[in-house]
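The structure appears right after this line, and notes come after that.
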Amino acid sequence: VEATGYITEAERMGGCMVMGGKSWREPKIKQAPDHPVTCVTWADANAYSAWLSTQTGRRYRLPTEAEWEYAARAGGATRFSWGDAEVPDRANCFKCLSQEDLLTTTPVGSYAPNTFGLYDMEGNVWEWTASEWVQAYDGRESLSAPDDNVLRQLAIRSGSFLTGFRDARLSNRGNINGNWRYNNLGFRVARDP
């Protein structure tokens, strides 16, 4: 943002859509530089990926839904990266902590990584994927959606600090329009070899 002067869609369109907040800069939840960015649209996440690609000379992008699940499962087949049981204090999600629920994001890496070394695949924030939403897998989960119409339904994964263990399961899927911007929705990037 500082390098390009990029203005996010939340800043152009009237703010975040959940719990108020003006933008990723002021999402109306506790945030720090080591927390995931929130209140960004699908186009915002893609714009960041494109900028990162130009800065590094490597191709960065949103992962497809199939890539996201492969990375989250890390070769396993359990409900969560740590197994099948709902174990407190393994993820930042609602009613997932042994103490009081935080109702905000936590620093990336606050919980143990999966066997691939990836953090926060369960909870913290929902994550945009590159894939168009389909109710039943039909092959589109392995593809990136066309970027010509961000009003289409896009797949999101992970659950968030506002959702419980049920939504934090690795198999859980969600869908929203590409122009939505929530303070419990962010993204992660994939890098092509």
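First compute the accessible area of segment 1-117 with a 1.4 Å probe, then give the percent of it belonging to carbon and sulfur atoms.
After summing per-atom areas, the C and S share lands at 55 percent.
From the alpha carbon gyration tensor of the chain, can you work out the equivalent ellipsoid semi-axes (sqrt of 5 times each eigenvalue) and give them in Å, largest to smallest?
Taking √(5λ) for each eigenvalue gives 24, 21, 16 Å, largest first.
Skip the ligands, DNA and RNA, and give the accessible area per residue of segment 51-169 with a 1.4 Å probe, whole Å².
On a per-residue basis, segment 51-169 sits at 49 Å².
If you plug each phi of segment 127-143 into the Karplus form 6.51 cos²θ - 1.76 cosθ + 1.60 with θ = phi - 60°, what whole-Hz ³J(HN,Hα) values come out, in order, with x for Gly and Pro?
Coupling constants for segment 127-143: 10, 4, 10, 7, 8, 6, 6, 9, 4, 10, 3, 9, x, 5, 5, 9, 10 Hz.
With θ taken as phi - 60° and the coefficients 6.51, -1.76 and 1.60, list the Karplus ³J(HN,Hα) couplings across segment 29-45 in order, rounded to whole Hz; mark glycine and proline as x.
Karplus-based 3J(HN,Hα) across segment 29-45 equals 9, 5, 9, 8, x, 9, 8, x, 6, 10, 6, 10, 7, 4, 5, 4, 5 Hz.
Rounded, prolate or oblate: which fits segment 1-109, taking a ≥ b ≥ c as square roots of the Cα gyration tensor eigenvalues, rounded meaning a/c under 1.5, else prolate when a/b beats b/c? Don't skip to the end; give the middle numbers.
Details: a/c = 2.42, a/b = 1.29, b/c = 1.87.
In terms of gyration-tensor shape, oblate.
Treating the beta-carbon of each Lys and Arg as +1 and of each Asp and Glu as -1, no other charges, what is the dipole magnitude of the chain about its Cα centre, to the nearest 20 debye? Intermediate results must be reported in sequence, preceding the final value.
Numbers: 21 positive and 24 negative charges, 19 e Å.
So the magnitude is around 100 debye.
Go ahead and run the numbers for FRET between Ser171 and Asp89, Cβ-Cβ distance against an R0 of 22 Å, rounding to 0.05. Don't skip to the answer; put the middle values down first.
Numbers: r = 22 Å, r/R0 = 0.98.
Step by step, r from the Cβ atoms, then E = 0.55.
The values are calculated or read from the model by the stated rules, or taken from the named source; none is laboratory data. Computed from a predicted model, the values in this text were never measured in an experiment. As a convention, Cβ positions derive from the backbone with ideal geometry for all residues, glycine included, and neighbour counts pool all protein chains shown. Accessible surface is based on the protein model in full, side chains and every heavy atom, while ligands, DNA and RNA are left aside. Shrake-Rupley method; radii C 1.70, N 1.55, O 1.52, S 1.80 Å.
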